[in-house]
Every structure is written in structure tokens, then in C-alpha cells.
Amino acid sequence: MGRKLLVFGGSGFIGGKIVQKALESWDVLIASRSGGRIPAGVNWHRADISDKGDVTGLFETLKPDACVNAAALSQIDRAEEDKDLAWKINVEGAENVAECCGTFGSRQIYFSSDAVYDGSADIYKESDMPDPVNYYGKTKAAAEKAVLSLDPEAVVVRISLVLGFPVTDVPSFYTNLRDKLKKPGELYFPVDEYRTPVDVLTLSECVVELIDKDFRGVLHIGSTDHANRYELAGLIAEMMGFDKDRVGILNPDREGQKKAPRHKNGIIDVSKARALLDTPLLSVDEGVRRTF
Ligand SMILES: NC(=O)c1ccc[n+]([C@@H]2O[C@H](COP(=O)([O-])OP(=O)(O)OC[C@H]3O[C@@H](n4cnc5c(N)ncnc54)[C@H](OP(=O)(O)O)[C@@H]3O)[C@@H](O)[C@H]2O)c1
């Protein structure tokens, strides 16, 4: 029996890719609420992270050497609509996992987001103070604090937008874009929302490497440059074989259709990760190309 890695949210977009990558060097176990989208050959355990008994029971039984917490209510508008559920999963769930990691001595990687920033600065360093503009960001900022206080050895990975196709049957920015492009009509994306995207394979390689690194605290992982959502959608549409001109610039008046406000500049400084990790971080263009 090799070393055990427990991935909360291993059936999700990012968790699924981490599971696939980690299988090369770990005995991988997945925990999530529903077991329908689990890669073949991986042990799945039903657990709701917001249920302390579920999480503690899992740690007592499995005694994982390391744990990735990629489980969350990850849709920004849904979190705004159902704040109680978002808090329960994103904050109380993260606390339950972090407390067990601290108690059982499991190396922990927790996923946070650039949505903890208010988006008014030109670029953000890990040491910049969170000041989120939406409820999802608030839950992530609160969870980060709790995770590092309950498990000071943990790594909090702040990511911006993750690029790529899921391993399992879950939505991602790519699949949502592709599904919309298959229907007639134009699509509109904001030209003033900048992101520092990372492709899901590079992210997974970074995370698997990080587990064995002597590092704790907050770490940004993203591309070496940035792009706005309009530029990104156009580039990805073209790579998918669609006409790039079907992607237009969102008129700011239409932004009222979104339930939750979005931060403008999600430009994160990734120099710390570049110095720490052997896995090379890519430019936006290289990252998009890597996913095809
Ligand atoms: N994708 C991005 O661009 C992006 C950007 C910034 C930050 N993030 C963060 O990165 C992490 C992973 O995101 P993702 O895009 O992979 O999310 P996702 O595709 O929505 O996957 C979420 C996973 O969490 C599980 N989950 C949800 N609620 C749960 C609960 N109460 N108990 C146990 N498991 C639960 C889901 O499975 P079940 O529903 O079956 O339980 C699923 O496996 C999240 O923390 C997200 O906030 C993502």
C-alpha cells in the first residue's frame, strides 16, 4: 500500500484532473456527495464536507497522508442566491476538513480563488488583503482564514480561472462556451474582467508537486500573463473550430443580468510559485494550446 491521498471534490472539474495526475504516484481516494462521476478504478467515499461526522469518520477510517480540498459550491451566482448553503459548504466544510488535517497530521492543499480580492488593484500579491465583492468571495476569504488557523501547515492555493475540459461529466468554462457556441447567435463577454488563467493539467501538476514541497501558507497559481474574458473566449472559440467573430464585447448595461457582482482585475502575481515549483507556469496562449 502506497501513500494515501484523499481528494474532497475529486468528482469535480479540478479535483477530477488532480485525481488523474495523482494516480501516477499515490493511492487516491475520492470523497464527494454523489458517486456518479468517479474515474474507473478509484475508491469513492460518500461524504458531505459540511457534516462534521462524515468528515471525521472518513479521516478515522482512511488516515490519509495528504488531502486536497477541491470541494465547494463553486458557482458564483448560486452562492449569491443561496448564501446559507454556500457558507455551510465553503466555510464550515473547509473548517471540518482543516480540523481533521490538523488533528490527523495530513498534508493539506485547500483551493481558494482570486475572488477574495476586490479587483481594483493592478496586480495582487499573496500578502494583499482580501476584500471580496461577492458572497462566494466572502466564503472563500473566511475559509482561508479558518484553514490556516486550524492547520497552520496547510497550503491555500489561490487560482483565477481554470481552463480545460473536465475528465468527468461536469461543466467547465470550456464546456459552457462550447455548448453555447453550438447554438446559433452571438455570445458576449466582458472586456474589463481580467483573469490570470491556468490550464487544468498544469494546475494538477503544480498541486501534486506542492504536496511534497516544504511550503505552507498562501500561493497564487496562474499564467505568467493575463487576459480579459472577451479575449479568452475568442481564443478558445477559435481553438474549438468556431468563428471567433461570434464572440462579442458585453455591453456593461447587460451586466445587470448577473446575480453577483464580479471583481474586475483578477491579475495575480505568480512569481512565488515560479520560484518554488519545478512545474513551469505557462502564458495564457500556451495554457490554452495545452488544453487542445
Ligand atoms: N473552476 C475554476 O475556474 C475555479 C476558479 C477559482 C477557484 N476555484 C475553486 O476550486 C475548487 C474546485 O473547483 P471546480 O471548478 O473543480 O468545482 P466543481 O467542478 O463544481 O466541483 C466541486 C466538487 O465538490 C463536490 N462537492 C460540492 N459540495 C460538496 C459537499 N457538501 N461535500 C462534499 N463534496 C462536495 C462536488 O461533488 P458532489 O456535488 O457530488 O458532492 C464536486 O466534486 C473550488 O473550491 C472552487 O471554488 C475554481
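No value in this document is a laboratory result; all are computed from the given coordinates. Values in this document were obtained by computation on a predicted structure and should not be read as measured data. Here the Cβ positions follow ideal geometry from the backbone for every residue, glycine too, while neighbour counts run over all protein chains shown.
Conditions first: (1) of a type in the set (A, V, I, L, M, F, W, C); (2) more than 8 Å from the ligand (Cβ to nearest atom); (3) under 25 Å from Thr175 (Cα atoms). Val55 passes all but one, so which condition is the exception? Unmet condition: (3).
The set of residues in region 93-142 being farther than 25 Å from Ser204 by Cβ, touching a strand residue (DSSP E or B) at 6+ places or on another chain (Cβ under 7 Å) and crowded, with 20+ Cβ neighbours inside 10 Å consists of Gly119 alone.
Would you point out the residue of region 167-211, among those that are among the polar types (S, T, N, Q) and out of contact with any Pro (no Cβ under 6 Å at 6 or more places or on another chain), that is farthest from His263 (Cα to Cα)?
Within region 167-211, the first condition is being among the polar types (S, T, N, Q), and the residues that meet it are 168, 172, 175-176, 196, 202, 204.
Add one more test, that the residue is out of contact with any Pro (no Cβ under 6 Å at 6 or more places or on another chain), and what stays is 168, 175-176, 196, 202, 204.
Numbers: Thr168: 29, Thr175: 23, Asn176: 20, Thr196: 13, Thr202: 24, Ser204: 25 Å.
That would be Thr168.
Only helices (runs of 4 or more DSSP H) wholly contained in region 73-142 count here; list those with 2 or more residues that are away from the ligand (no atom under 14 Å from the Cβ) and closer than 30 Å to Trp26 by Cα. Show your work before the answer.
Working: elements: 76-81, 83-87, 94-104.
Those helices (runs of 4 or more DSSP H) span 94-104.
Residues in region 148-201 that are of a type in the set (Phe, Trp, Tyr) and more than 14 Å from the chain's Cα centre (by Cα) were compared, and the one that is farthest from the ligand (Cβ to nearest atom) is Tyr188.
Just checking, how many residues over region 257-292 are hydrophobic (A, V, I, L, M, F, W, C), surrounded by 14 or more Cβ atoms within 10 Å (Cβ to Cβ) and under 18 Å from Cys206 (Cβ atoms)? Let's see the steps before the verdict.
At the first step, the residues of region 257-292 found to be hydrophobic (A, V, I, L, M, F, W, C) are 260, 267-268, 270, 273, 275-277, 281-282, 284, 288, 292.
Pick out the ones that are also surrounded by 14 or more Cβ atoms within 10 Å (Cβ to Cβ) and you get 260, 267-268, 270, 273, 276-277, 281-282, 284, 288.
Next, from what is left, pick out any that are under 18 Å from Cys206 (Cβ atoms): 268, 270, 273, 276-277, 281-282, 284, 288.
Count: 9.
Note on region 143-161: residues that are touching a Ser or Thr at 6+ places or on another chain (Cβ under 7 Å) and either part of a loop (DSSP other than H, G, I, E, B) or over 13 Å from Val218 (Cα atoms) (or both) amount to 1.
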